[in-house]
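Shown next, in structure tokens, is the structure this report addresses.
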Amino acid sequence: MNIAVIGAGVVGVATAYALVKAGFKVSLFEKNNDVGLEASFANGAQLSYSYVAPLAEPSALKDLPKYLIYKKSPLKFNLKFNLKQWLWGLQFIKACSAAKSAQTTSELLSLSYFSRAQMHDFIEQKLSSAETDFQFRKNGKLVIYRCDTALLKAAQQVKLQQSMGSTQSVLDKAQCLAIEPSLSTISEKIVGGVYTPSEELGDCYEFSKCLLKELQSHASFSLYLNSKIVNINQENNEFKLKYQTDTANILKPQQLSFAQVVLSAGIESIEIAKQMNVSLPLYALKGYSLTVALKDNDIVPEISITDSAKKIVYARLGDTFRIAAMVDMGDATKIINPQRIAQLIEEAQEMFPTLDYANAIQWTGLRPATAQGKPIIDESPIPGLWLNVGHGALGFTLALGSGELLAELIRKKLDLSAQVSLDPEPFSYANVR
């Protein structure tokens, strides 16, 4: 069976990888000249398998006025006269109950741990070094807290997640500094933290290319770069994909037919799905990052760090240091906001004052998020049109598990005796809407 996958971010490439492994013939379409160039390119780099709790939780409602008013809030809501934004916002508020948040956390942890198992299988099967190929390391993660109230709340979350299979420890200030001495610059502002030794990291863009390299060793795989989907329709139980290739600035319209189509084009999935009268409940959450080149005498943490109050993540990738933060809702442009970058540098300097921020690589990306914080991994209302969208900030963490689950669902539709590794219902189109 010939399947098209639209979108070659980390989720799309992982989906193509899973489908090829399952024995399908796969064509991967990407509008850019390489894989992983949109939201996957310079994200936070953390594979946070135990940190998948949704943004929609009870304290989000309490903090909402701050998000609306305070210009330097790490989560900023720019309200507009936009019906889609208001509908998404109402769904977000609805998902903020304690019961719903706990349920979503449990469902995401199941998918996350499944994804971790897929990552480990991939690394074990590779002949080359994952550490060399995409800076993969099992380095652990420490989330630091700046007030006792936040630490107490985190301890409650740790207790909840213990019943769901997580292994985490609540630490006091001294224990945090013992695990990561580079935090001594803000020792007076830390009250404690949560440490998870099992967490990992990697370069998401390089991992996407690593997956692509594996795919290109299969005759059943075809790659279409610089190929923008301009139309999709269904005729006689086949999908007709019209796309334009951009070669030497010459646009060439072309068309191919497929038995099934998987849509995994991030936030751009919305417009493509519209062509098939399928509505996707996604909204762009804009984030920022800095990638700083390290000098020999720079002192940065070896473990992944998250500053909970500032909503900033830190990760060392070889001889660079990735700093990522912020959720801006209501700005779906790919323009870097200099005020947000200045804020990110100012806050990172508090912790790591000696780094060369002046020459840091600045980046912004649009995370495609559902209000509940769960991805949609399911067949759409149009038979044969499949969805693997809405991963928000968890695309890297959930990519391999999401791709494998979708491949299993397609296989099961063709063969009812086929097995599915985990319950797909929480990620169904009907459930996440």
Q: Given the conditions (1) among the basic types (Lys, Arg); (2) surrounded by 13 or more Cβ atoms within 10 Å (Cβ to Cβ); (3) assigned to a helix (DSSP H, G or I), report the number of the one that LYS76 does not fulfil.
A: (3)
Q) Hey, among GLN260, GLN216, GLN275, which residue is outside the structural domain of SER187 (by TED's automatic domain parsing) and either farther than 27 Å from GLY401 by Cβ or hydrophobic (A, V, I, L, M, F, W, C) (or both)? A) GLN275
(Q) Looking at the structure I just gave you, is LEU75 farther than 22 Å from ALA265 by Cα, under 22 Å from the mean Cα position of the chain (by Cα) and not assigned by TED's automatic domain parsing to the domain that holds GLN244? (A) yes
Q: Tell me which residues, restricted to segment 286-307, are part of a loop (DSSP other than H, G, I, E, B), surrounded by fewer than 16 Cβ atoms within 10 Å (Cβ to Cβ) and touching a residue at least 60 places away in the same chain (Cβ under 8 Å).
A: LYS295, ILE299, GLU302
(Q) Can you go through ILE361, ILE336, ILE341, ILE376 and tell me which one is in contact (Cβ under 8 Å) with a residue 12 or more places away in the chain and over 30 Å from THR185 (Cα atoms)? (A) ILE376
(Q) I'm trying to understand the selection: among the residues of segment 136-157, which are touching a Leu at 6+ places or on another chain (Cβ under 9 Å) and within 17 Å of ARG116 (Cβ to Cβ)? (A) PHE136, ARG137, LYS138, ASN139, LYS141
Q: Just give me the residues in segment 42-67 being part of a helix (DSSP H, G or I) and in contact with a Leu (Cβ under 7 Å, 6 or more places away or on another chain), in sequence order.
A: TYR67
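Here is a yes/no grid of residues against (1) within 19 Å of the chain's Cα centre (by Cα); (2) over 20 Å from ALA14 (Cβ atoms); (3) surrounded by fewer than 24 Cβ atoms within 10 Å (Cβ to Cβ):
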{"position": "ALA309", "(1), (2), (3)": "no, yes, yes"}
{"position": "VAL313", "(1), (2), (3)": "yes, yes, no"}
{"position": "ALA342", "(1), (2), (3)": "no, yes, yes"}
{"position": "GLU346", "(1), (2), (3)": "no, yes, yes"}
{"position": "ILE361", "(1), (2), (3)": "no, yes, yes"}
{"position": "LEU385", "(1), (2), (3)": "no, no, yes"}
{"position": "ASN388", "(1), (2), (3)": "yes, no, no"}
{"position": "GLY395", "(1), (2), (3)": "yes, no, no"}
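The values are calculated or read from the model by the stated rules, or taken from the named source; none is laboratory data. Here the structure is a predicted model, which is why all the values come from computation and not from measurement. Every residue, glycine among them, receives a Cβ derived from its backbone with ideal geometry; neighbour counts consider all protein chains shown.
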